[in-house]
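Trainee: Got a structure here, written out as structure tokens. Questions coming.
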Amino acid sequence: MGEHTVSSFDEELGEIDRLIRDMGDLSGAMTRASTNALLNSDTALAQRVISDDTIMDAKQRDLDERAITLIAKRQPMAQDLRSVVGAIRMAADLERIGDLAKNIAKRVNAVGQSATPRSLAHSIDAMSGLVLQQVNAVVEHYVARNAEALIHLRDEDEKIDIQYTSVFRELLTYMMEDPRNITSCTHLLFCAKNLERIGDHVTNIAENAYYVVTGSQLPVQRPKLDETQMTVDADA
């Protein structure tokens with residue numbers, strides 16, 4: 001390719017990377033805001049998260065269109081092709097993180113003003129903190145092309161699984177102690193599961209980012225320490 005063509009190609013790849021960074025920033029903001037809204041019964045903040053999901057969807061569509069156009073026009077090979085295909089995959093996971101944050105926000109009204117025990121609020125907040133660290137870090141490591149950090153981050157997902165198991169057991173205890181807690185605790189259980197699933201999507205992003213950076217796939221098996229032995233499907 002000529003110098004001008006190479007420059008244009010690099011600019012187009014740069015725009016795709018910029019959209020990944022934007023989606024990463026937005027997914028982190030939505031995750032943080034949805035949990036804050038849940039713990040503080042902040043319906044206005046919850047509504048903002050729900051509205052932000054539309055922005056996230058638009059960014060994914062923009063990235064997909066740019067990536068498909070770039071492939072059709074430039075016919076990239078090797079590393080360049082991995083970068084484009086990897087970006088499409090990462091964008092899909094980031095968009096799904098936005099969906100899961102929205103699902104948490106949609107349950108704020110359902111949980112309502114019921115008193116959340118301090119220890120439980122602390123547990124969910126701690127879990128959210130772990131998830132948020134992962135969401136913020138994964139795109140940073142991708143942008144920095146830090147393969148070793150991506151491996152470490154992927155393995156760190158087990159901490160989220162452990163925290164989810166702890167929250168799950170606490171919620172069951174509160175429901176058994178007082179049947180009046182069943183409704184609010186059930187909603188909180190869905191929210192905790194959504195946070196755990198956000199961690200899974202971060203793992204997917206780390207795996208795709210590692211492939212883009214190195215050209216190698218990480219082993220399929222990874223630690224999975226969700227011991228609840230119960231499938232809790234989050235809202236679509």
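The values are calculated or read from the model by the stated rules, or taken from the named source; none is laboratory data. Fair warning: this is a prediction, and the values are worked out from it, not measured in the lab. When we count neighbours, we look across all protein chains shown, and the Cβ atoms used for this are built from the backbone with ideal geometry, even at glycine. Accessible surface areas use protein heavy atoms only, side chains included; no ligands, DNA or RNA. Shrake-Rupley method; radii C 1.70, N 1.55, O 1.52, S 1.80 Å.
Trainee: Please tell me if residue 14 is in a helix (DSSP H, G or I), among the small types (Gly, Ala, Ser), surrounded by 13 or more Cβ atoms within 10 Å (Cβ to Cβ) and out of contact with any Phe, Trp or Tyr (no Cβ under 8 Å at 6 or more places or on another chain). First the steps, then the outcome.
Mentor: Values: in a helix (DSSP H, G or I): yes; among the small types (Gly, Ala, Ser): yes; surrounded by 13 or more Cβ atoms within 10 Å (Cβ to Cβ): no; out of contact with any Phe, Trp or Tyr (no Cβ under 8 Å at 6 or more places or on another chain): yes.
Considered against the rule, which asks whether it is in a helix (DSSP H, G or I), among the small types (Gly, Ala, Ser), surrounded by 13 or more Cβ atoms within 10 Å (Cβ to Cβ) and out of contact with any Phe, Trp or Tyr (no Cβ under 8 Å at 6 or more places or on another chain), residue 14 comes out as no.
Trainee: Can I ask one more? Confirm whether residue 185 is hydrophobic (A, V, I, L, M, F, W, C), under 25 Å from residue 90 (Cα atoms), crowded, with 18+ Cβ neighbours inside 10 Å and at pLDDT below 95. Show your work before the answer.
Mentor: Details: hydrophobic (A, V, I, L, M, F, W, C): yes; under 25 Å from residue 90 (Cα atoms): no; crowded, with 18+ Cβ neighbours inside 10 Å: yes; at pLDDT below 95: yes.
No, not satisfied.
Trainee: Quick check on my filter: what residues within segment 69-90 are of a type in the set (Gly, Ala, Ser) and open to solvent by less than 10 Å² (accessible area, probe 1.4 Å)?
Mentor: Those that are of a type in the set (Gly, Ala, Ser) and open to solvent by less than 10 Å² (accessible area, probe 1.4 Å): 86, 87.
Trainee: A further question follows. What is the number of the single condition among (1) under 21 Å from residue 25 (Cβ atoms); (2) surrounded by 15 or more Cβ atoms within 10 Å (Cβ to Cβ); (3) among the acidic types (Asp, Glu) that residue 196 does not meet?
Mentor: With (1) under 21 Å from residue 25 (Cβ atoms); (2) surrounded by 15 or more Cβ atoms within 10 Å (Cβ to Cβ); (3) among the acidic types (Asp, Glu) applied to residue 196, the lone miss is (1).
Trainee: Which of (1) farther than 27 Å from residue 182 by Cβ; (2) under 12 Å from the mean Cα position of the chain (by Cα) does residue 101 not meet, given it meets every other one?
Mentor: (1)
Trainee: Moving to a separate point now. Among the listed residues 93, 57, 64, identify the single one that is over 13 Å from the mean Cα position of the chain (by Cα), surrounded by 16 or more Cβ atoms within 10 Å (Cβ to Cβ) and not aliphatic (A, V, I, L, M).
Mentor: Residue meeting the stated conditions: 64.
Trainee: Regarding segment 89-100, can at least one residue be identified that is under 15 Å from residue 12 (Cα atoms) and of a type in the set (Gly, Ala, Ser)?
Mentor: To start, the set of residues in segment 89-100 that are under 15 Å from residue 12 (Cα atoms) comprises none.
Within segment 89-100, none of the residues are under 15 Å from residue 12 (Cα atoms) and of a type in the set (Gly, Ala, Ser).
Trainee: Within segment 133-146, restricting attention to residues that are modelled with pLDDT under 95 and not in a helix (DSSP H, G or I), which residue is least open to solvent (accessible area, probe 1.4 Å)?
Mentor: Once the filter is applied, the top-ranked residue is 144.
Trainee: Turning to a different aspect of this structure: Only residues that are surrounded by fewer than 16 Cβ atoms within 10 Å (Cβ to Cβ) and either in contact (Cβ under 8 Å) with a residue 24 or more places away in the chain or farther than 19 Å from residue 108 by Cα (or both): list them for segment 169-182, please.
Mentor: Of the residues in segment 169-182, the ones surrounded by fewer than 16 Cβ atoms within 10 Å (Cβ to Cβ) are 169, 172-173, 176-180, 182.
Of everything in segment 169-182, those that are surrounded by fewer than 16 Cβ atoms within 10 Å (Cβ to Cβ) and either in contact (Cβ under 8 Å) with a residue 24 or more places away in the chain or farther than 19 Å from residue 108 by Cα (or both) turn out to be 169, 172, 173, 176, 177, 178, 179.
Trainee: Let me ask something else. Could you check, for segment 97-119, whether at least one of its residues is hydroxyl-bearing (Ser, Thr, Tyr) and surrounded by fewer than 16 Cβ atoms within 10 Å (Cβ to Cβ)?
Mentor: Step one: filter segment 97-119 for residues hydroxyl-bearing (Ser, Thr, Tyr), giving 114, 116, 119.
Adding the requirement that they be surrounded by fewer than 16 Cβ atoms within 10 Å (Cβ to Cβ) leaves 114, 119.
Yes, segment 97-119 contains a residue that is hydroxyl-bearing (Ser, Thr, Tyr) and surrounded by fewer than 16 Cβ atoms within 10 Å (Cβ to Cβ).
Trainee: Same structure, new question: Can you pull out the residues in segment 147-168 that are open to solvent by 40 Å² or more (accessible area, probe 1.4 Å) and without any contact (Cβ under 8 Å) to a residue 40 or more places away in the chain?
Mentor: Result: 148, 152, 156, 159.
Trainee: Are any residues in segment 21-46 of a type in the set (Ser, Thr, Tyr) and within 15 Å of residue 106 (Cβ to Cβ), and if so, which ones?
Mentor: 31, 34, 35, 41, 43 - these are the residues of segment 21-46 that are of a type in the set (Ser, Thr, Tyr) and within 15 Å of residue 106 (Cβ to Cβ).
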